[in-house]
Amino acid sequence: MLCAGGGGTAPGMLCAGGGGTELPACPAPGGGGPGGALPWGGVLETETWRRGGRKRSREGPGRSRGSWSGAAMGGSASQLPRDLLDEYQELTFLTKQEILLAHKRFSELLPKEERESILLKRVPKSKILTLPELRANPFQDRICRVFSTAEDGDGSMSFEDFLDLLSVFSDSATAEIKSHYAFRIFDFDDDGILDRKDLEKLVNCLTGEGDETRLSESEMDQLIQNILEESDIDKDGTINLSEFQHVISRSPDFASSFKIVL
């Protein structure tokens, strides 16, 4: 959920403190209930992996792109080889049951004639976003962008990309991993920092851009200023990863709300 729970101006609250502008409650990305007001708490329900997404990195604490050993060489639509299942469990925060369920759900997104070679196939982003767990998520496009390994940047996913996503968003993923991936998802221009443009897009994702919910220019400016005052430790007008993680570390509900469960 991309909102912080609780009242007051707790770390991560996206409100204009002191009775000012406060974001309305927004739904959790995975279909959970309403949250509080700020983007840093409950944000997306995601974590880093490898008991960090893949246990340690993909440009971060979780995934190394070559860490899946020869996974695409076997497996059918109905089951995964035991050794591959063991490997996936070792490399993610997921249980064997969760991996098998992910395999089933992913195969259902493929045409029947392609399901026998599921580990060699990619599912288009348009199909991935038909999943109920992502369909209503305001950050759906960014989630696909961050977890997809497609070289052309089309947001399509392999089965291992899909596992990575579920691993980061799982209950077992660490707060460090979750915050790392949350930062990447909010970094709309992929430049390694959250600047005012990123924060404005973040707020618009949370509030919606309709006339009834969109913030006025003055409300947006005030809100972004408050976020920067709370998070921008070195006062350079942007939020870097370490600053973001510092704020997240004081948001107790973040890890539990940053999740997607099939």
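Some observations on this one:
- Annotation for the range 194-262: trypsin sites (Lys or Arg not before Pro) lying in DSSP loop with at most 10 further Cβ atoms inside 10 Å of their Cβ are LYS235.
- At most 13 other Cβ within 10 Å, DSSP loop - GluC sites (Glu not before Pro), the range 153-262: GLU209, GLU212
Computed from the coordinates by the stated procedures, all read-outs in this text should not be read as laboratory data. The structure displayed is predicted, hence computed values, not measured ones. Please note: Cβ atoms are built from the backbone with ideal geometry, for glycine as well, and neighbour counts cover all protein chains shown.
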